[in-house]
1. Taking region A:40-74 as the search range and keeping residues that are part of a strand (DSSP E or B) and not hydrophobic (A, V, I, L, M, F, W, C), which one is farthest from the chain's Cα centre (by Cα)?
2. Can you confirm whether region A:223-238 contains a residue that is within 14 Å of chain B (Cβ to nearest Cβ), in contact (Cβ under 8 Å) with a residue 24 or more places away in the chain and either in a loop (DSSP other than H, G, I, E, B) or more than 30 Å from residue B:134 (Cα to Cα) (or both)?
3. Hey, among A:101, A:91, A:17, which residue is within 14 Å of chain B (Cβ to nearest Cβ), assigned to a helix (DSSP H, G or I) and either at pLDDT 95 or above or on the phi < 0 side of the Ramachandran plot (or both)?
4. If the requirement is being more than 12 Å from chain B (Cβ to nearest Cβ), surrounded by fewer than 22 Cβ atoms within 10 Å (Cβ to Cβ) and in contact with a strand residue (DSSP E or B) (Cβ under 6 Å, 6 or more places away or on another chain), which of these qualifies: A:86, A:60?
5. For the subset of region B:26-68 comprising residues that are among the acidic types (Asp, Glu) and at the interface with chain A (Cβ under 7 Å from one of its Cβ atoms), which member is nearest to residue A:98 (Cα to Cα)?
6. When region B:54-107 is examined, which residues are found to be over 29 Å from residue A:110 (Cβ atoms), part of a helix (DSSP H, G or I) and of a type in the set (A, V, I, L, M)?
7. All but one of (1) assigned to a loop (DSSP other than H, G, I, E, B); (2) not assigned by TED's automatic domain parsing to the domain that holds residue B:133 hold for residue B:28, so report the exception by its number.
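The values are calculated or read from the model by the stated rules, or taken from the named source; none is laboratory data. Since this is a predicted model, take the numbers as computed values, not measurements. In this analysis, Cβ positions are derived from the backbone assuming ideal geometry, glycine residues included, and neighbour counts consider all displayed protein chains.
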Amino acid sequence: MSAATYTAAGSVEEALAALAAGARPVAGGTDLVVGARNGKAALPESLVAIHRLSDLGGIREQDGGLVLGALATHADIVASQPVCDRYTALADASAIVGSHATRSTGTIGGNVMNASPAMETGGPLICFGAVARFRSAGGEREVPLAELFAGPGRTTASPEELLTEVALPAPAAGTGSCYARLEYRRQMEIAIVGATAVVTLDGGTVSDARIAITALAPTIHRVAEAESALNGTDGAADAVAAAANAAAAASQPITDVRGSAEYRRAMAAVIARRAITTALARARGERFPIPASPALHGAVNGGAA
Amino acid sequence: MKYEATLHVNGVAYPVEIEPGRSLLSVIRTEVGLTGAKEGCDDSECGACMVLLDGRPVNSCSYLALQADGREVTTIEGLTGDDGELHPLQQAFLDQGGVQCGFCTPGMLISAKVLLDSTPNPSEEEIRLALSGNLCRCTGYSGIVRAVQSVASG
């Protein structure tokens, strides 16, 4: 661990000035500091801590949607009733990030900007059409999450830009959603394979399906073939299977310490099917526990779905 | 370069002068001198270093000490009463065989306290889930779960 200089910003303007001068931001540090301690990447030479910027915290309603402050923690997200009710897949995801220590400390802003292809919240944010709002000394900018992720650990943001908010547009009536992952351990785990489904039902027919795969490609992304396999159907088992298979067919997994490419490819359709099935059930108004993953793996209620 | 900061640990203010890269755990153990919180994996996997920061759990091996400046830190030593009386969870861990080598115990107790503060009567499933960010290589967890249950139902 290095880091030669440190300042704790007292205002967003101070933070932006520090970023313009070459400092890098730290909020909860659950990726940055962990990465430095396990030798993945040394701490930046110059750090600006942003944890005191209360302007960047909290979750608020805006234009029928929600705005997540960059410093909103995963614990804040799981505790938010609007998130659980209307953006359920995001609650599924934040509820299984790390352990309760990680969720109390780690922020949505840090999670997004760390840009891991295995991050839990990425798929839900992309499928809900989230937009990242940045500020820099030069002005403000909005970037759809789908266009933010450029590769493992890389974003299209420039180093002097500070993520201040993540805005979620209002979901259509009749929408249900789910994020599910394959995991080896209940906590302190990240997805071996993950899948997100956000589906809207109109009179029993799927009018809008959004399906994204996680830890199966260099970036988390939606799969158009999977979505069109489900769109216009009544969400019966064969349509769900076709969509899940299409999601799996779009995967380009790697082999690493957490799983082989073959294993990931084999599990992709299983996890996608669980996410889609649960999202459909929720769209029909059925109750399903948050987070979905433990129940989907049979750990809580004997193996639903 | 070193920076001045004041950590409020278990209600006592400790002025320290530290480099930016120092972890909260290393400062608690070395500068403050409280060695209850342990360095297990040093990688935020095992939870042995868990403490409370402003009442919320954090893996202190992976948190920058300077970010704790002016904030309240509670370590395992802070669970014990002023007269040295053990916290009910500490006594239950002893009574129920929840401690063998003891290395995970400080983090386990912090996690268990967080759970019971928010969920006074958790199910066994809730206890196991809440403690699953804390690894124990000795007990097989049964004694630990029993200990938390005994305090919860008490």
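1. In the first step, residues of region A:40-74 are kept if they are part of a strand (DSSP E or B); the result is A:46-49, A:59-62, A:65-69, A:73.
Among the residues that remain, those that are also not hydrophobic (A, V, I, L, M, F, W, C) are: A:46, A:60-62, A:65, A:69, A:73.
Working: A:46: 28, A:60: 18, A:61: 19, A:62: 20, A:65: 17, A:69: 15, A:73: 13 Å.
In this case the residue turns out to be A:46.
2. Quick first cut of region A:223-238, residues within 14 Å of chain B (Cβ to nearest Cβ) only: none.
Taking every residue of region A:223-238 in turn, none turns out to be within 14 Å of chain B (Cβ to nearest Cβ), in contact (Cβ under 8 Å) with a residue 24 or more places away in the chain and either in a loop (DSSP other than H, G, I, E, B) or more than 30 Å from residue B:134 (Cα to Cα) (or both).
3. Details: A:91 fails: within 14 Å of chain B (Cβ to nearest Cβ); A:17 fails: within 14 Å of chain B (Cβ to nearest Cβ).
Unique residue meeting the criteria: A:101.
4. Details: A:86 fails: in contact with a strand residue (DSSP E or B) (Cβ under 6 Å, 6 or more places away or on another chain).
Going through A:86, A:60 in turn, just one is more than 12 Å from chain B (Cβ to nearest Cβ), surrounded by fewer than 22 Cβ atoms within 10 Å (Cβ to Cβ) and in contact with a strand residue (DSSP E or B) (Cβ under 6 Å, 6 or more places away or on another chain): A:60.
5. First, pick out the residues of region B:26-68 that are among the acidic types (Asp, Glu): B:31, B:39, B:42-43, B:45, B:54.
With the extra rule that they be at the interface with chain A (Cβ under 7 Å from one of its Cβ atoms), the set shrinks to B:42-43, B:45.
Numbers: B:42: 15, B:43: 12, B:45: 9 Å.
Residue satisfying both the conditions and the ranking: B:45.
6. Hits for region B:54-107 are B:79, B:89, B:92, B:94.
7. Against the list (1) assigned to a loop (DSSP other than H, G, I, E, B); (2) not assigned by TED's automatic domain parsing to the domain that holds residue B:133, residue B:28 comes up short only on (1).
Per-residue answers, yes or no, for (1) part of a helix (DSSP H, G or I); (2) surrounded by fewer than 24 Cβ atoms within 10 Å (Cβ to Cβ):
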| residue | (1), (2) |
| --- | --- |
| A:196 | no, no |
| A:247 | yes, no |
| A:262 | yes, yes |
| A:279 | yes, no |
